[in-house]
């Protein structure tokens, strides 16, 4: 299994970094996870729009799904007849982005396959487990397993005992880490994580390695790594465009 980062910036993209977006590949199947702002150009550096086999979205915030629109436009209007793209997301999460164009314009380019966080299902070669994790809108923590390895991804979340269950023994734990040590607004604290907290969950779960994502724009990546290393002594990296992680089990 291989995970390639398209972007890992939280809230909005910067000149250097797209928002959340990842491609997970196994046995030739290409799964696009969370196509947030500015991820589509990065995707085109890797493949054509027709090479995407399915899309999986953790929640409906635009920094996790806005670039689904240009992907669907390219598939529907690009001149090559392509099969409808399966879009897996929590119920209602894609309503806003799918309503950006006039009714019916892109309808032939996709099929929506909604799920409720907590459900399990198959997606190509992947076994998908989901958890209902706390955020401002319904958010699904995602665990993808195939070929004896697994990737656990929080989407955006606040503290929850389910995070340790999501990441339990995962080969790669991809965790939101919006801030370094504390969430500055107490009202946001139930819905966002820190790099230090991500490290703590990775250690509790016995994850093989930790990849920090959704850093607030302008955050020093080295400071995020240092914060996570205070609570987790395994390999840690920051999700940045172009980073690829190959997983072959432990």
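The values are calculated or read from the model by the stated rules, or taken from the named source; none is laboratory data. From a predicted model like this one, the values you see are computed outputs, not experimental measurements. Neighbour counts are summed over all protein chains in view; Cβ atoms, including those assigned to glycine, are modelled from backbone coordinates with ideal geometry.
Table for the structure above
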{"quantity": "Flag for residue 130 being crowded, with 22+ Cβ neighbours inside 10 Å, without any contact (Cβ under 8 Å) to a residue 24 or more places away in the chain, closer than 28 Å to residue 185 by Cβ and in contact with a strand residue (DSSP E or B) (Cβ under 8 Å, 6 or more places away or on another chain)", "calculated": "yes"}
{"quantity": "Residue list for segment 193-224, filter: touching a residue at least 40 places away in the same chain (Cβ under 8 Å), part of a loop (DSSP other than H, G, I, E, B) and within 26 Å of residue 145 (Cα to Cα)", "calculated": "207, 208, 214"}
{"quantity": "Single match in 239, 228, 202, 207 (criterion: closer than 20 Å to residue 141 by Cβ, buried (at least 23 other Cβ atoms within 10 Å of the Cβ) and in contact with a helix residue (DSSP H, G or I) (Cβ under 7 Å, 6 or more places away or on another chain))", "calculated": "228"}
{"quantity": "Top-ranked residue of segment 95-122 - restricted to ones that are touching a strand residue (DSSP E or B) at 6+ places or on another chain (Cβ under 6 Å) and assigned to a loop (DSSP other than H, G, I, E, B), ranked as surrounded by the most Cβ atoms within 10 Å (Cβ to Cβ)", "calculated": "117"}
{"quantity": "Matching residues, segment 31-53, being in contact with a helix residue (DSSP H, G or I) (Cβ under 6 Å, 6 or more places away or on another chain) and either over 20 Å from residue 93 (Cα atoms) or part of a loop (DSSP other than H, G, I, E, B) (or both)", "calculated": "34, 35, 36, 37, 49"}
{"quantity": "Neighbours by Cβ (under 6 Å, 6+ apart or cross-chain): first from segment 73-93, surrounded by fewer than 22 Cβ atoms within 10 Å (Cβ to Cβ); second assigned to a loop (DSSP other than H, G, I, E, B)", "calculated": "76/106"}
{"quantity": "Total residues in segment 171-199, condition closer than 15 Å to residue 11 by Cβ and in contact with a helix residue (DSSP H, G or I) (Cβ under 6 Å, 6 or more places away or on another chain)", "calculated": "1"}
{"quantity": "Residue within segment 139-147 that is without any contact (Cβ under 8 Å) to a residue 60 or more places away in the chain and crowded, with 24+ Cβ neighbours inside 10 Å present", "calculated": "no"}
{"quantity": "Positions within segment 54-68 being crowded, with 19+ Cβ neighbours inside 10 Å and part of a helix (DSSP H, G or I), in sequence order", "calculated": "63, 64, 65, 68"}
{"quantity": "Hits in segment 6-30 (condition: surrounded by 24 or more Cβ atoms within 10 Å (Cβ to Cβ) and assigned to a strand (DSSP E or B))", "calculated": "6, 7, 9, 19, 21, 22, 24"}
{"quantity": "Close pairs from segment 33-48: first touching a residue at least 24 places away in the same chain (Cβ under 8 Å) and at positive phi, partner surrounded by 14 or more Cβ atoms within 10 Å (Cβ to Cβ) and part of a loop (DSSP other than H, G, I, E, B), Cβ under 7 Å, at least 6 apart", "calculated": "34/20; 34/57; 34/58; 38/13; 38/18; 38/67"}
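The rows are residues; the columns are (1) closer than 24 Å to residue 16 by Cβ; (2) at pLDDT 95 or above.
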position: 32; (1), (2): yes, yes
position: 41; (1), (2): yes, yes
position: 50; (1), (2): no, yes
position: 56; (1), (2): no, yes
position: 67; (1), (2): yes, yes
position: 81; (1), (2): no, no
position: 87; (1), (2): no, yes
position: 90; (1), (2): no, yes
position: 94; (1), (2): no, yes
